[in-house]
Amino acid sequence: MVENKLVHSPLITYGSMLSLLSFTPPFVILMWYTNVHADGSILKTFNHLRENGLQGLIDIWPKPTAIAGKLIICYALFEAALQLLLPGKTVEGPISPTGHRPVYKANGMAAYAVTLITYISLWWFGIFNPAIVYDHLGEILSTLIFGSLVFCVLLYIKGHIAPSSTDSGSSGNIIVDFYWGMELYPRIGKHFDIKVFTNCRFGMMSWAVLAVTYCIKQHEEYGRVSDSMLVNTILMLVYVTKFFWWEAGYWNTMDIAHDRAGFYICWGCLVWVPSIYTSPGMYLVKQPVNLGLQLALYILVAGLLCIYINYDCDRQRQEFRRTNGKCTVWGKTPSKIVAAYTTTSGEKKTSLLLTSGWWGLARHFHYVPEILAAFFWSVPALFNHFIPYFYVIFLIILLLDRAKRDDDRCKAKYGKYWKLYCEKVPYRVIPGIY
């Protein structure tokens, strides 16, 4: 039995879980429909639904098709093969609450390079036209919605009958178990980590693949790629490149080390990431915007700076942990708090909490450049429609909620040491404000 501590009241918690389980699948289809068939106009989509009701949603919901299934399976098998077969150094994850330390093979950057080179080469040599992916995108998303729900059911069953490690168990509530997941580190066999596959190799990789797809489709449609699309694509590809460069660091974050493999993480990465995270580019395919060289460069440079700061925040903390605090931060010896804690098995451990550099500005300051970067790869669409900015608004809600959940978890884990940390770094996300 797993003790489940709710961050919010039970009514809000269960209400939000059931709402997300019910409304995120149709929302994915409405996002696709609005960008591809309604000229990016939420009003057009709303009017269609108002006039036709539930039947209007059923009419625009593409049926899963064989070609969509083939594209998804080929992509998934290719990424799974790269995850298993490409060489990479062995990396250990953080110690879990039960004292278990997962081991990974860090080959994400190689898989990312092989994926993009293969995809672009297939297009360049006329073997496969990525525009097919865009043309069947609705069917692909529909197939992913239902296929990923089945996948999450299988994860739930696996957590009950064949967990991969001691970091698993039930809360006693079927909705909570399905939504949050049963296992922290589910694997197939000894080496195939399911969360690395869903989060990194399927979800994040699809972000880059679709960014390239949208560029190629716009070129096919108009005979050129607009400067707005170029800025959007460059920034998204730089961000995803940063992610895979730092992938081993990602394995220490909440997504991997604390959130279990359920609907929230796995369905989110398999469906929500490809559809919502890429939506500014999806919008620009048929609504190209001409920014002009000067504005395009301003947006590009601002976006690149934000991505660099986001990377440097993560690098700073990773280096601090790797050297056990024996490094310099902004040219000085870092200030830190040595925090003692006890694992669920009763073992005494210590962690170092960094309180200088970027991490002295706010406890989750790295979310600020991440949100700004998302704004800069959305703003090339300018302000004719609201829908390119949905991802930014979603990201703000996601990261503020994550900051609260992380703070609550650390408060429970570190006790008085966390209180001391919050006194030294009083702001949660935005220095001087929040």
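The values are calculated or read from the model by the stated rules, or taken from the named source; none is laboratory data. All values reported here derive from a predicted model rather than from experimental measurement. Methodologically, a virtual Cβ is constructed for each residue, glycine included, from the backbone with ideal geometry; neighbour enumeration extends over all protein chains shown. Keep in mind that these areas ignore ligands, DNA and RNA; they rest on the heavy atoms of the full protein, side chains included. Shrake-Rupley method; radii C 1.70, N 1.55, O 1.52, S 1.80 Å.
Over 23 Å apart at the Cα level, from the set Lys158/Lys242; Lys89/Lys195; Lys158/Lys195, are Lys158/Lys242. Using Cα positions and a limit of under 21 Å, work out the lysines in reach of Lys336, with same-chain residues fewer than 8 apart set aside. Straight-distance partners of Lys336: Lys326, Lys348, Lys349, Lys411, Lys413, Lys416, Lys419, Lys424.
For segment 293-311, backbone nitrogen atoms closer than 19 Å to the point 7 Å from Tyr222 Cα along Cα-to-C-beta are found at 293-300. Placing R0 at 25 angstrom, the Cβ-Cβ distance between Thr323 and Lys416 gives a FRET efficiency of 0.45 after rounding to 0.05.
The solvent-accessible area of Leu154, taken with every protein chain present and a 1.4 Å probe, is close to 100 Å².
Out of segment 161-253, which trypsin sites (Lys or Arg not before Pro) are coil in DSSP terms and have no more than 13 other C-beta atoms within 10 Å? Answer in residue order: Lys190, Arg224. When the Debye formula is applied to the Cα atoms of segment 324-434, each taken as the same point scatterer, what base-10 log of I(q)/I(0) results at q = 0.12, 0.16 Å⁻¹? Here log10 of I(q) over I(0) equals -0.55, -0.83. Ordered by solvent-accessible area of protein heavy atoms (1.4 Å probe), largest first, the residues Glu139, Glu347, Glu247 come out as Glu347, Glu139, Glu247. With all protein chains in place and ligands, DNA and RNA left out, the 1.4 Å accessible area ranks Leu155, Leu372 as Leu372, Leu155, largest first. Estimated at the nearest 10 Å², the accessible area of Asp312 is 10 Å² with a 1.4 Å probe.
Projection of the Cα convex hull of segment 395-434, averaged over all directions and equal to a quarter of that hull's surface, yields 2.8 nm².
Across segment 188-318, C-alpha contacts under 8 Å between residues 6 or more apart give a mean separation that, scaled by the residue count, equals a relative contact order of 40 percent. When Trp267, Trp32, Trp330, Trp245 are compared by accessible surface with a 1.4 Å probe, the order from highest to lowest is Trp245, Trp330, Trp32, Trp267. Candidate membrane-span-like segments in the chain, meaning DSSP H helices with Cα atoms spread over at least 27 Å of their own axis and a Kyte-Doolittle mean of 1.0 or above, are 66-85, 137-161, with no membrane implied.
Length gained on full extension, Asp135 to Gln55: 26.5 nm, using 0.36 nm per residue less the C-alpha separation. Accessible area of the chain with a 1.4 Å probe: how many percent of it is carbon plus sulfur? Here it works out to 66 percent.
All C-alpha pair distances within segment 105-262, sorted into 5 Å bins from zero, spread as 2, 8, 14, 17, 16, 15, 11, 8, 5, 2, 1, 0 percent across the bins. In the chain, Cα pairs under 8 Å separated by at least six residues give a relative contact order of 18 percent. Semi-axes of the equivalent ellipsoid for segment 36-124, computed as √(5λ) from the eigenvalues of its C-alpha gyration tensor and ordered from largest down, come to 41, 22, 13 Å. Which shape class, rounded, prolate or oblate, goes with segment 328-383 when its Cα gyration tensor gives a ≥ b ≥ c as root eigenvalues, a/c under 1.5 marks rounded, and past that a/b bigger than b/c marks prolate? Cα axes put segment 328-383 in the oblate bin. Solvent-accessible area per residue in the chain equals 46 Å², computed with a 1.4 angstrom probe and all protein chains kept. Per-residue SASA remark: Cys74, around 90 Å² accessible (1.4 Å probe; ligands, DNA and RNA not included). Residue-normalised convex hull volume from the C-alpha trace of segment 29-187: 173 Å³ per residue. For the chain, the mean residue ellipticity at 222 nm estimated from helices alone is -19000 deg cm²/dmol, where every DSSP H run of n ≥ 4 contributes -39500 (n - 2.57) and the total is divided by all residues, rounded to the nearest 500.
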